[in-house]
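This report refers to the structure that appears directly beneath it.
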């Protein structure tokens with residue numbers, strides 16, 4: 001299960017809207033526990049896919065930016081637990097390209113469907129242990145109440 | 001003895017460890033020691049005998065592809081990082 005605070009969900013959706021008609025992307029930061037991945041922060045990233053005309057259907061995260069984010073996360077006592085990206089005018093399902101370029105089981109691949117500039121759905125996927133496909137995971141959107 | 005930091009999702013294949021002490025005079029030997037200690041890691045790092053295309057190894061924040069690749073020498077007190085290239089569609 002992927003646990004996602006509601007305010008961060010809105011920020012992820014807004015990032016997808018702002019990137020439209022291109023794919024937007026970023027990192028999910030938090031911890032892994034017995035329930036799965038628990039997100040406490042996000043880091044929007046640039047889509048550095050090298051061919052501009054393909055950015056509505058492709059994304060790529062720069063490795064140096066990833067490394068920088070990883071060091072910052074370590075400093076804050078957090079881990080990179082997943083990647084989010086948007087699918088402009090396509091369902092929030094892991095695509096064949098997502099599978100072809102998938103990294104490791106354990107990362108949550110959160111996909112937001114953006115239609116006509118609006119966020120319609122969020123679905124999250126994890127690569128299976130045998131790397132043969134993506135398996136959908138439940139998303140728990142939680143509201144964080146800060147006590148005074 | 002060098003250290004390889006294990007990315008969060010790979011720790012499930014490495015006994016839950018965030019870093020592993022490895023032996024080896026080169027990066028390739030160090031990675032070989034890692035996958036000997038934790039064989040379940042191999043399928044997620046290698047495709048056959050080659051590192052998977054999305055797997056990048058950093059030594060002192062430098063991609064080993066821009067050093068001597070798997071033959072990059074280790075003095076024995078370095079930290080290696082495994083960094084994925086993330087792309088999709």
* **Neighbour-count ranking [beta-carbon atoms within 10 angstrom, fewest first] of A:15, A:75** => A:75, A:15
* **Inter-label distance for residue B:18 and residue A:128, nm, one decimal - labels placed 7 Å from Cα along Cα-to-Cβ** => 3.3
* How much FRET efficiency would the formula 1/(1 + (r/R0)^6) give for residue B:37 and residue A:74, where r is the Cβ-Cβ distance and R0 is 25 Å, rounded to 0.05? -> 0.65
* Partner chain Cβ atoms within 10 Å, averaged over the residues of A:57-65 - can you pull that number for me? => 4
* To do: For chain A, calculate the relative contact order in percent as a whole number, restricting contacts to Cα pairs under 8 Å that are 6 or more residues apart.
  => 27
* Structure fact -> Note: B:5-13 gets an average of partner chain Cβ contacts (10 Å, Cβ to Cβ) equal to 6
* Can you give the calculated 222 nm mean residue ellipticity of chain B, where each DSSP H run of n ≥ 4 adds -39,500 (n - 2.57) and the sum is split over every residue, rounded to the nearest 500 deg cm²/dmol? -> -4500 deg cm²/dmol
* Structure fact -> Per-residue Cβ contact counts at 10 Å, fewest first, order A:64, A:118, A:55 as A:118, A:64, A:55
* Structure fact -> Per residue, the convex hull enclosing the alpha carbons of the protein assembly as shown has a volume in Å³ of 128
* Asked: What does the average come to when, for each residue of peptide A:100-109, you count the partner chain Cβ atoms lying within 10 Å of its Cβ?
  -> 6
* Taking the simple approach of a point 7 Å from Cα along Cα-to-Cβ for both residue A:11 and residue A:90, what is their distance in nm? -> 2.7
* Asked: Sorted from fewest to most neighbouring beta carbons within 10 Å, what does the list B:66, B:46, A:107 look like?
  -> B:66, B:46, A:107
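Laboratory data are not the source of any read-out in this text; all were calculated from the coordinates shown. These numbers were taken from a predicted model, which means no experiment stands behind them. FYI the Cβ positions are ideal-geometry reconstructions off the backbone, even for glycines, and counts take in every protein chain you see.
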